[in-house]
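Worksheet: the structure to be examined is printed underneath.
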């Protein structure tokens with residue numbers, strides 16, 4: 001009876017570990033920093049749901065009126081050069097550090113603003129879009145995830161852009 005109970009507990013522990021690993025997808029011992037990156041799009045389509053996009057091969061040029069009638073009043077409107085910039089908040093942007101201990105992520109993050117979707121218009125016609133998203137900016141340690149393992153030491157995601165230079169507005 002005691003042997004069966006011990007085997008049952010061992011199976012239960014293995015099941016819990018397997019479940020946690022499948023949820024996070026990562027294993028390791030590391031600390032890292034977190035920040036905001038930006039993407040630039042010149043061809044895009046919006047969906048009827050605010051802050052959602054449709055991806056098609058031939059996107060029609062979006063007008064400011066179409067955007068506002070579909071997504072509602074923007075969170076901010078400003079001018080950059082010759083462009084009117086219409087921005088919609090898309091959740092909080094986060095800054096801070098985090099640790100990853102074996103299979104348990106420990107975030108130490110604080111909201112530092114909003115991620116935005118910024119539409120650039122000239123004469124009411126969209127000329128570009130900049131979207132913001134959060135990602136790890138630096139790290140120290142060793143992580144395995146997404147079928148690869150690597151050591152981290154310093155800046156990561158160097159191929160991504162922290163702040164886009166918009167060429168459309170002159």
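The values are calculated or read from the model by the stated rules, or taken from the named source; none is laboratory data. Nothing here was measured: the structure is a model prediction, and the numbers come from that model. We place every Cβ from the backbone using ideal geometry, glycine too, and count neighbours over all the protein chains shown.
Going through segment 153-166 one residue at a time, which ones are surrounded by 12 or more Cβ atoms within 10 Å (Cβ to Cβ), under 17 Å from the mean Cα position of the chain (by Cα) and over 14 Å from residue 35 (Cβ atoms)? Correct list: 164 only. Can you tell which of 29, 21 is touching a strand residue (DSSP E or B) at 6+ places or on another chain (Cβ under 7 Å), modelled with pLDDT under 70 and either surrounded by 11 or more Cβ atoms within 10 Å (Cβ to Cβ) or in a strand (DSSP E or B) (or both)? Step by step, each of 29, 21 is checked, and only 21 is touching a strand residue (DSSP E or B) at 6+ places or on another chain (Cβ under 7 Å), modelled with pLDDT under 70 and either surrounded by 11 or more Cβ atoms within 10 Å (Cβ to Cβ) or in a strand (DSSP E or B) (or both).
The residue list 150, 82 contains one member that is over 30 Å from residue 29 (Cα atoms) and more than 21 Å from the chain's Cα centre (by Cα), which is 82. The selection criterion, being under 22 Å from residue 160 (Cβ atoms), at pLDDT 95 or above and in contact with a helix residue (DSSP H, G or I) (Cβ under 7 Å, 6 or more places away or on another chain), holds for residue 88. Flag not set for residue 136, criterion: farther than 26 Å from residue 151 by Cα and either surrounded by fewer than 12 Cβ atoms within 10 Å (Cβ to Cβ) or touching a strand residue (DSSP E or B) at 6+ places or on another chain (Cβ under 8 Å) (or both).
Look at residue 56 and say whether it is modelled with pLDDT under 90, under 23 Å from the mean Cα position of the chain (by Cα), farther than 30 Å from residue 138 by Cβ and not in a helix (DSSP H, G or I). Answer is yes for this residue.
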